[in-house]
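Please treat every number below as a calculation from the coordinates, not as lab data. What you see is a predicted model, and the numbers here were worked out from it, not measured in a lab. Cβ atoms come from the backbone with ideal geometry, glycine included; neighbour counts cover every protein chain shown.
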Amino acid sequence: MASESKPGFFQRLKDRLTRPGGGLGAGLARLFGARRIDAAVLEELETRLLAADVGVPVTEELLEGLRARVARQQLDDVDALLAALRSDIAAMLTPVAKPLVVDRGAKPYTILVVGVNGSGKTTTIGKLAHRLGQQGLRVVLAAGDTFRAAAVEQIGVWAERTGAELIAQQTGADPAAVAFDALSAARSRGADVLIADTAGRLQAQSHLMEELRKVRRVMGKVDPTAPHEVLLVLDANQGQNALAQAVQFHEAVGVTGLVLTKLDGTAKGGIVLAIAKRLGLPIRFIGIGEGAEDFGEFDATAFAAALVDGRQSEAATTAGNET
């Protein structure tokens with residue numbers, strides 16, 4: 001069923017990832033016409049890659065491959081250049097496009113969700129609970145962000161909306177104690193999945209990062225294999241700072257999967273490439289809006305097409321729908 005919804009999801013990604021006409025390749029053909037690829041074309045493409053937050057190392061790697069093919073006369077025009085760029089980006093992202101697979105033998109399969117303030121953790125938890133619930137899994141949510149009363153309320157709303165069970169304590173409770181109790185309760189109730197929230201924290205706050213390590217250790221006392229997944233939620237609008245967050249959270253707690261959120265609010269989706277190249281961590285999901293349907297598995301080929309092509313003009317979209 002997931003595969004059936006994928007084309008619609010990635011069409012929305014293409015529509016939202018960039019402003020109209022704002023993809024990496026947008027306007028290159030108009031700008032340079034049908035002339036052969038030269039230094040000016042490649043320089044313009046380099047500028048666009050850097051502006052899209054692809055980062056210097058990945059930009060250089062992509063351009064090196066394209067220049068080599070131009071030198072071998074394998075690419076005749078801008079259209080061929082962009083097709084090669086799409087292919088190279090997809091090849092770079094394919095190794096990290098790994099969907100989350102819940103081990104149904106682990107009762108419960110435990111997912112610890114981490115990230116900085118405002119990255120979209122709570123919304124991601126809700127969407128993930130909705131997705132897993134639709135797969136017939138019994139889900140428990142742990143309100144591990146005990147610093148904000150609003151956080152417990154927000155995750156409670158998602159629990160109600162998705163039919164998940166909620167385990168929470170009073171504001172100010174020890175997050176490790178909440179995690180311990182939630183995992184113990186989920187286990188005794190025969191839940192399939194436990195998704196544990198944590199308070200948002202900046203990666204530079206060493207005492208709060210140590211608290212995350214404690215949460216992880218305490219979960220291991222209930223189940224030595226838990227958590228089975230440490231899911232880091234990153235806001236794509238943060239650009240290169242999102243890369244710094246990924247590096248430091250991974251060093252602190254051993255991230256096993258990534259969720260890239262708010263791709264509908266940025267024209268800089270290239271940060272996905274920078275993170276993939278630097279860390280090689282599995283990208284589980286991407287988010288392109290607030291609705292449960294705006295959350296899907298990461299697909300390397302579709303993402304590469306959305307990043308390079310950008311959004312079609314309204315006329316092109318209408319024409320495409322009518323044919």
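Legend: calculated FRET efficiency, residue 184 to residue 36, from the Cβ-Cβ distance at R0 = 51 Å, rounded to 0.05, equals 0.15.
Against the empirical 2.2 N^0.38 Å scaling, what ratio does the C-alpha Rg of segment 130-269 come to?
Relative to the rule-of-thumb radius for its length, segment 130-269 sits at 1.06.
Measuring r between the beta carbons of residue 278 and residue 225 and using R0 = 30 Å, the FRET efficiency lands at 0.60.
Around the amide H of residue 110, modelled in the peptide plane, lie the amide H atoms of 194, 228, 229, all under 5 Å away and 5 or more residues distant in sequence or on another chain. Taking label points 7 Å from Cα along the Cα-to-Cβ direction, residue 206 and residue 61 give a separation of 3.1 nm.
The packing ranking of peptides 61-74, 113-126, highest mean first, is 113-126, 61-74, where packing means the average number of other beta carbon atoms within 10 angstrom of each residue. The ranking of 81, 263 by Cβ neighbour count inside 10 Å, starting from the fewest, reads 81, 263.
Write down the Å³ per residue value for the convex hull defined by the alpha carbon atoms of segment 52-122. Intermediate values should be presented prior to the final figure.
Values: hull volume 11.2 nm³, N = 71.
Convex hull of Cα atoms, per residue: 158 Å³.
Between residue 72 and residue 240, what is the FRET efficiency for a Förster distance of 22 Å, r being their Cβ-Cβ separation, to the nearest 0.05? Intermediate values should be presented prior to the final figure.
Values: r = 33 Å, r/R0 = 1.49.
The calculated FRET efficiency here is 0.10.
Pairs of Lys residues in segment 109-298 are counted when their Cα atoms are under 26 angstrom apart and they lie 8 or more places apart or on different chains; the count is 9. Annotation for residue 213 and residue 173: the two label points, set 7 Å from Cα along the Cα-Cβ direction, are 2.5 nm apart. With θ taken as phi - 60° and the Karplus curve 6.51 cos²θ - 1.76 cosθ + 1.60 applied, the whole-hertz 3J(HN,Hα) list for segment 254-261 is x, 4, 10, x, 10, 10, 9, 10 Hz, x standing for glycine and proline. Averaging the Cα positions of each part gives two centres, and for segment 169-189 and segment 81-159 these lie 19 Å apart.
What list do you get for 92, 219 if you sort them by fewest beta carbons within 10 Å? Working shown, then result.
Numbers: 92 19, 219 25.
Fewest-to-most ranking of 92, 219: 92, 219.
Here the extension length gained between residue 117 and residue 247 equals 45.2 nm, from 0.36 nm per residue of separation less the Cα-Cα distance.
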